[in-house]
Amino acid sequence: MTILTICTDVVDRIAITLSGTTVFSNTADTARQLRALANQEGKELMRRGSWEKLTKEVTFTSIAQETQTGVIPSDYDHMLNETFYNRTRKREVTGPLSPRDWQAQKSIIATVLYDSYRIRGGDVLMIPVPPAGDTYAFEYISKNWVLAATDVEKPAFTADTDTAILDEELITLGVIWRFLKAKGFDYAEAFRTYELQVSQALARDGSKRTLNFTQQVNYGRPRYPGVQDGSWNL
């Protein structure tokens with residue numbers, strides 16, 4: 001469903017008039033407002049959850065320095081926690097470290113035993129300094145929730161032929177309640193319907209693991225980057 005069909009659907013559902021047959025070349029107030037609300041909805045919906053349709057993977061080869069330059073992709077929004085691994089050495093990279101923990105690790109005498117990271121200034125920083133040539137990987141959420149007719153992903157609608165990567169029905173419902181609110185109409189029921197549909201979509205998205213409430217499972221992750229789990233010299 002393109003942005004044009006989304007806006008047409010909104011117009012039909014709430015019985016308003018949209019002059020013309022386009023959205024982005026249309027200078028009418030209603031068209032301008034609908035496309036602005038559609039972009040607002042898409043951007044906010046993108047940040048509501050870690051949508052599987054927006055999930056991507058980064059792999060990179062380490063260099064022997066603290067700052068791993070050029071790792072963060074241009075469409076990066078946020079990293080998925082606990083997905084950062086050293087594939088060469090088969091272990092997790094712990095983090096992200098807080099600014100305090102990072103400075104503590106930089107200052108203490110004890111050797112940091114496990115790879116740890118933080119993101120600062122748009123770069124991945126690692127401690128201890130990794131050897132050159134190791135393969136690392138992590139998953140992240142892309143900020144590009146729109147697909148152009150040329151199959152190029154982008155972070156906003158800019159043409160009538162653009163389609164949404166996220167669920168078009170959710171965007172349609174989001175535009176409806178936002179339009180009603182902007183016009184001063186009662187939007188409570190439209191908002192309730194929208195929130196219910198978003199919650200259901202998030203619950204179904206990407207499938208979910210079975211939760212075990214009877215015991216806590218440790219999957220082998222180090223509890224703290226500076227302390228190994230066993231085999232201490234006593």
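Helix 188-204 sits at what angle to the longest principal axis of the chain, using alpha carbons and giving 0 to 90 degrees rounded to 10? Compared with the principal axis, the helix lies near 40 degrees.
Principal-axis analysis of the Cα atoms of the chain puts helix 29-46 at an angle of about 20° to the longest axis. The relative contact order of the stretch 52-142, computed from alpha carbon pairs under 8 Å that lie at least 6 residues apart in sequence, is 51 percent.
Can you flag which of LYS56/LYS143; LYS43/LYS143; LYS53/LYS181; LYS154/LYS181 are past 19 Å Cα-Cα? Exceeds cut-off: LYS53/LYS181; LYS154/LYS181. Packing, taken as the mean count of other beta carbons within 10 Å per residue, orders the peptides 137-146, 171-180 from highest to lowest as 171-180, 137-146. About its Cα centre, the stretch 1-106 has a charge dipole of approximately 360 debye under the convention of +1 per Lys or Arg Cβ and -1 per Asp or Glu Cβ, with nothing else charged.
How long are the semi-axes of the equivalent ellipsoid of the stretch 52-142, defined as square roots of 5 times the Cα gyration tensor eigenvalues? Whole Å, largest first.
Details: eigenvalues 92, 43, 28 Å².
Sorted largest first and rounded, they come to 21, 15, 12 Å.
At an R0 of 41 angstrom, the distance between the Cβ atoms of GLN200 and ALA148 translates into a FRET efficiency of 0.90. In whole angstrom, the chain maps to an equivalent ellipsoid with semi-axes of 45, 20, 15, each derived as √(5λ) from the alpha carbon gyration tensor and ordered largest first.
What is the helix-to-structure angle for 168-182, meaning the angle in degrees between its Cα long axis and the longest Cα principal axis of the chain, kept from 0 to 90 and rounded to the nearest 10? Helix 168-182 sits at roughly 70 degrees to that axis.
No value in this document is a laboratory result; all are computed from the given coordinates. All of these numbers come straight from a predicted model, not from anything done at the bench. Cβ atoms come from the backbone with ideal geometry, glycine included; neighbour counts cover every protein chain shown.
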